[in-house]
């Protein structure tokens, strides 16, 4: 019998749940044992509350991060929200103990701010507002007491986030992505798309790629999430009657593909700066630009630097390399195109095949 893999919930969902439970105590004098958290995709989840208490005029609630069957270093950590009422009608969110602070540019959160990403920030705000009565606002402080202890096991130190972990999550859920779970959860997407009449598919890493595909007008039934397993999903495509693939993803992951790294997990592959630097060198970039790219914190930051030097065409060439590498792996007669985008959704690189594949969708 196949094992049923259990989903978990993100640190962002935990923070939203704790904040709502604390706000509920302030407004209704009721100690909740679980709360409902609305997720960005439109559904909701129920998250247990470990404890709720009052300290003076501040309500404090605690949840425990549950990674399901895909636990990471944050699995089992306490996520705490301290909420104070204000009369400003605004919800102000701050980071407390164990929540990192951003010290370098290029991330979704500005320098100097607590590393609470935009989607969790919105989730926390919405959760608290559901409890506040008219005329009230709140100041929310999110803490993860053990966050600083485990932060060194994450990408945060290299990204310039100091003092703790980040509050993350684009969907609010943690979906198990072990190889066994991948075989059960990811491959059926291909067969479903084929059954719905789509022989041209869009491969994206996850929720952000799915959202961007929708913004580009691509049919949702043809969009296949592959997590970090691009190579395995390409192999599966090669075994099916598929005649076109559009690779669509954030340039940070896609540059890895351009270098032939088909598992894009940070623990398996990186070399993003090195790959970009090598292609800039081939395009004739001067030493100052090459040195600057080797020192960037994120690929987001690299885009502005490359544009300042008038060499943004390199991203189109890297998109072409993604398609070439994918075709070489498949060794099949499948048209493949690639598109890179930034976190704000703007396209920074594409090849000609990607234009042809997009036209196929608009003609359907």
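The values are calculated or read from the model by the stated rules, or taken from the named source; none is laboratory data. This structure is a prediction, so every number in the text was calculated from the model and none was measured. With ideal geometry, Cβ positions are generated from the backbone for all residues, glycine too; neighbour counts draw on all protein chains shown.
For segment 310-333, enumerate the residues that are touching a strand residue (DSSP E or B) at 6+ places or on another chain (Cβ under 6 Å) and over 25 Å from residue 106 (Cα atoms).
Hits for segment 310-333 are 323, 326, 327.
How many residues does segment 321-344 contain that are within 26 Å of the chain's Cα centre (by Cα) and assigned to a loop (DSSP other than H, G, I, E, B)?
3
Within segment 349-361, can one find any residue that is part of a strand (DSSP E or B), touching a helix residue (DSSP H, G or I) at 6+ places or on another chain (Cβ under 7 Å) and assigned by TED's automatic domain parsing to the domain that holds residue 302?
Yes, segment 349-361 has at least one match.
Which one is farthest from the chain's Cα centre (by Cα), of the residues in segment 1-52 that are in a strand (DSSP E or B), under 23 Å from residue 85 (Cβ atoms) and touching a residue at least 24 places away in the same chain (Cβ under 8 Å)?
The residue in question is 52.
Would you point out which residue out of 347, 305, 293 is surrounded by 14 or more Cβ atoms within 10 Å (Cβ to Cβ), at pLDDT 95 or above, farther than 17 Å from residue 107 by Cα and within 26 Å of the chain's Cα centre (by Cα)?
Selected residue: 347, the only one of 347, 305, 293 that is surrounded by 14 or more Cβ atoms within 10 Å (Cβ to Cβ), at pLDDT 95 or above, farther than 17 Å from residue 107 by Cα and within 26 Å of the chain's Cα centre (by Cα).
Tell me, which residue of segment 17-43 that is surrounded by 17 or more Cβ atoms within 10 Å (Cβ to Cβ) and within 25 Å of residue 210 (Cα to Cα) is modelled with the lowest pLDDT?
This residue is 40.
Looking only at segment 238-252, count every residue that is surrounded by 22 or more Cβ atoms within 10 Å (Cβ to Cβ) and part of a helix (DSSP H, G or I) and tell me the total.
So the count comes out to 1.
With respect to residue 9, is the statement that it is surrounded by 15 or more Cβ atoms within 10 Å (Cβ to Cβ) and at pLDDT below 95 true?
Against the criterion (surrounded by 15 or more Cβ atoms within 10 Å (Cβ to Cβ) and at pLDDT below 95), residue 9 qualifies.
Given the criterion assigned to a helix (DSSP H, G or I), in contact (Cβ under 8 Å) with a residue 24 or more places away in the chain and over 23 Å from residue 210 (Cα atoms), identify the matching residue among 305, 275, 255, 293.
275
Going through segment 103-120 one residue at a time, which ones are touching a helix residue (DSSP H, G or I) at 6+ places or on another chain (Cβ under 8 Å), at negative phi and either outside any loop (DSSP other than H, G, I, E, B) or surrounded by 15 or more Cβ atoms within 10 Å (Cβ to Cβ) (or both)?
104, 107, 108, 109, 115, 116, 117, 119, 120
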